[in-house]
Each structure stands twice: as C-alpha cells, then as structure tokens.
Amino acid sequence: MRERGLLSVALRGQDVGDRPPIREAPDAPAAQLRTALSFAHDVFGQPQRQLRPGGEHHNKHHHRADKGQRAPDDVGHGTALDPTPLYTHFYHWVELADRAREPVKSPIRAAEPLYDIYAGRSEGMATAMEEVLMHAGLYDDNPRSREIVWIMLANRAARGLASLYVQSNDMSLDEAGKFHARWTPRKWSDPASDLVAFEQLLYLRQPGYGVSYVTGKLELDRLISEYAYDQEQRGAAFDLPEFFRILKEAGIVPFATINDETTQHGADARE
C-alpha cells in the first residue's frame, strides 16, 4: 500500500502536467467542509442532517473550520492547502451519529462497545472514504487535490509499518519517526514534530492501531469489489448509495462479517 501511494503521487504529477500547485482559498476550511458534505450527500443519497452529525468531537472540528482555523495536525501538510480529504475522513462522525439516531435492528450491534474493538473497521472506513469520494468525482474540478489523498495513504502505510517495527523492538520511537517521515512524499511529515512523536507513541501503546487505517481500508476495498462483482453477475449496475445503505444496516461491525452476510463469496465460504 505504501508503494501504491508513492506510485499514484508520481503518476498524478504526470497527469496534471503544467497545472499550478494547490493554492489555499481564503476561506478554504469552511468552504471545503461544505463541499465535502454536499458531495457526500449527493453520492450517498442521505439526508443532509446525517452528513452534519452532532457530537462534541465533530462540532469541535466543524467550529474550527467555520472560523477558518485548522487543526494543529494540519499545519505544514497538504490538508492545510485543501482540507477536503481530511473532512472526508470525518465520516467517523456520520457513523457515530447514525448509531445514536438510527440504531440497527440488532440490539447487540446497536450497543456502543465498551472499548475500541473495531479499530480496523472504524479507521479503515474513514480512510477508504477519502479514495471512494475521490473516485466518485469529488476532485474533478481540482485534480491536484487527488495528490493529497495518495500522499495521506503513503503516510499512513509508512507510519503503520514503522509502528510494527517499534512493537517488535526493531526500531526506537525516534527511528520510527524518521522512517515514517522519510517515506511520506513531498517531505510533508517532519520527524521532529510533536505530531509524529505523538502518533508513534500512541501506536506503540495500542498494537495494531497504527496499521488499522490501511488494513481496514483493504478490507472495505475487498467488500466493495465483491459486492460489485455480484451485482455484475446478476446483470445489475453497481449502486454506491445502495451499497452504503446495506453497510449501514449491518452496523459498525468488522467488514469480514458484513462480507460473509452480503456477498456470494461470503455465502460460499459459509457453505
């Protein structure tokens, strides 16, 4: 996945040709948040209220955007130029709002876990949303912003791999930070920053969390591809809003569980 991110950044550079680099609009945070939410509304066919969910954490980010302020971890990164990819990652809060406002039928799945047992499901979902919306056309009018999506993917792959080396005692935290930064394109990661230090320490304390962004995304990629294949075999067109309706009805559970319940591959595996 790290190589895929690096390759995609390089190829995007060829595709955009002589187009100017990303430039920040005066009201970029607030304007780009509105763009991401509006586009998600159109793509997924969900009411606007579901795409602007409540919750203390989301409101804090939303307030920061409306005031034209950036989150500290955006400083010096591409998301400071165009925060749209970061806001698509905030699909976290859409799912949490759905669970609170429109719980699934299963009382077990509707209950809030006592701790974060589905890191791959949650972070994988949010990370995948960045690329899903990109492919659905979010950046057609600003193609250079696609580079940010790929750079963020390469960054997460590098930091996740570094976290594994730390957990296996093959790297120190300092070495992991340098590895993490070295494999992030455009030098958009500073090994001496508080952000990199915080992330590597966080992932050391929660083994598996650092890689969950990428491994969870791969699981959702597989689920979407198998669902799309099943639709093709039935002679039906792939419908993204319908897929997300099925995903929502299944609840916040691992993608492998949803795959077993909804795709032909899962049915074959059960047999």
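Any read-out appearing in this document is the output of simple, stated calculations on the displayed coordinates, not a laboratory observation. The model shown is predicted, which means the values in this text are computed figures rather than measured ones. Positions of Cβ are backbone-derived with ideal geometry, glycine not excepted, and every protein chain shown enters the neighbour counts.
Residues Trp183, Trp150, arranged from fewest to most other Cβ atoms within 10 angstrom of their Cβ, appear as Trp183, Trp150. Note on Ile246, Ile151, Ile117, Ile258: ascending count of other Cβ atoms within 10 Å places them as Ile117, Ile246, Ile258, Ile151, the fewest first.
Look at where the Cα atoms of segment 164-195 and of segment 207-223 average out, and the two centres are 19 Å apart. Taken over the C-alpha atoms, segment 130-192 has Rg and Dmax values of 14.3, 46 angstrom. Computed extension length for Lys187-Glu175: 2.7 nm, one decimal, from 0.36 nm per residue of separation with the Cα-Cα distance subtracted.
Put in order of Cβ neighbour count within 10 Å, fewest first, the listed residues Arg109, Arg156 become Arg109, Arg156.
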